Amino acid sequence: MPPRIPFHPSLKAFTGSSHVQSPLARLSLNPSKTSVRAGSAESRERRRHDPFLMAQSRQRKAANLSRQQALAAERDGSVGDPVHGVSTPFIEALKVQQAGTHESHPNHFITPEELQGALEYSKNLTSPIVEPNRAAVDPQLEKENEEKHIEQHKNATEAIRRIVDIRNGNTDDQMRLRIQKCIETFGRHKTDQTLPPKPAAVPPEGAPRYLKKARRVGPDTGSSEVQVAILTAKIFNMSRHLETTNKDKHNKRNLRLLVHKRQKLLQYLRRKERGGPRWQHLVETLGLSEASWKGEISL
């Protein structure tokens, strides 16, 4: 067998299959990347070292944030505020009565009529006794006693009114007064006499006939519209507290619970009343917008 002669090292220069490549050949085999995927690590690294790309990124972020704010404002303007709604005379009356700005109301479960009657009764009890023998009466002394009695009664009336004023009470007393106002405004023992009934549905043939319900006795405290009004008063009280206390996480959660509970009651009442006069009266008096009962509420 003839011996083998190695020819490969000598033939590499002629065949061009040498393993030593030139720099130009290496660039042609592995071209560099000309496009980088947005949001990748390479893109962030390139943008961090390029002031022009950083400025472009800031401009895009500012434009996105401004667009989001514009869309949120447009959405809030179309459906309204889910917490406060629109200001109405009834809502203004529910707000905290500050000294010298609103008409005072007696506290301790006293009505204005009862207070006025008690003051008149005390005035009659403390009035000077009229002398039956008019010939022995000094007119000047009697006039002075009468004027003194009127002045003392005026001072006593002012003192009693200040003592029993609701503005001297705590938050629970003021909330109790607002709840009473909600019951007197939206209770069915009052609204049944002024509002027409809801549209009657046509019963199908063969449907059972039910007897009419008995008339309501006493004040109405459990109907849906009364509960919605009471929840609205509590929501206003709590939201006013949170305006100055940003870190009160507990009451923020309570406010969220109250708003969602009111939303459920409003959805039930709207479905039950079918948009009747009772629903219209509730929404117009409380100033509720569509955001109070429609869609998802995020606080």
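Points worth noting:
- One residue stands out in segment 80-101 among those that are surrounded by 14 or more Cβ atoms within 10 Å (Cβ to Cβ) and assigned to a helix (DSSP H, G or I): the one that is modelled with the highest pLDDT, namely 90.
- Evaluated against (1) open to solvent by 70 Å² or more (accessible area, probe 1.4 Å); (2) over 22 Å from residue 95 (Cα atoms), residue 243 falls short on exactly one condition, (2).
- Condition met for residue 227 (more than 11 Å from the chain's Cα centre (by Cα), under 17 Å from residue 187 (Cβ atoms) and free of Cβ contacts under 8 Å to residues at least 40 places away in the same chain): yes
- With respect to being more than 37 Å from the chain's Cα centre (by Cα) and at pLDDT 90 or above, residue 114 falls outside the description.
- Taken over segment 56-75, the criterion of being at pLDDT below 85 and either of a type in the set (Phe, Trp, Tyr) or open to solvent by 90 Å² or more (accessible area, probe 1.4 Å) (or both) is satisfied by 74, 75.
- Answer residue from segment 118-143, given it is assigned to a loop (DSSP other than H, G, I, E, B) and open to solvent by 100 Å² or more (accessible area, probe 1.4 Å) and is farthest from residue 156 (Cα to Cα) among those: 132
- Search result, residues across segment 162-182 that are more than 24 Å from the chain's Cα centre (by Cα) and open to solvent by 30 Å² or more (accessible area, probe 1.4 Å): 162, 163, 168
- Any pair with Cβ under 6 angstrom, 6 or more apart, that starts in segment 273-299 at a residue that is part of a helix (DSSP H, G or I) and ends at one that is of a type in the set (Asp, Glu): 279/273; 282/225
- Test for residue 185: is it surrounded by 12 or more Cβ atoms within 10 Å (Cβ to Cβ), closer than 27 Å to residue 282 by Cα and either touching a strand residue (DSSP E or B) at 6+ places or on another chain (Cβ under 8 Å) or among the β-branched types (Val, Ile, Thr) (or both): yes
- Hey, residue 212 basic (Lys, Arg) and at pLDDT 90 or above or not: no
- Summed over segment 255-280, residues that are open to solvent by 40 Å² or more (accessible area, probe 1.4 Å) and over 21 Å from residue 192 (Cβ atoms) total 6.
- Whether a residue is at pLDDT 80 or above, of a type in the set (A, V, I, L, M, F, W, C) and exposed (fewer than 10 other Cβ atoms within 10 Å of the Cβ) was assessed, and residue 52 passes this test.
- Of the residues 157, 185, the single one that is of a type in the set (Ser, Thr, Tyr), under 25 Å from residue 277 (Cα atoms) and at pLDDT 90 or above is 185.
The values are calculated or read from the model by the stated rules, or taken from the named source; none is laboratory data. The shown structure was predicted, so the numbers you read here are calculated from the model rather than taken from an experiment. Virtual Cβ from ideal backbone geometry, glycine too; neighbours counted across all protein chains shown. Areas reflect the complete protein model, heavy atoms only, side chains present, ligands, DNA and RNA absent. Shrake-Rupley method; radii C 1.70, N 1.55, O 1.52, S 1.80 Å.
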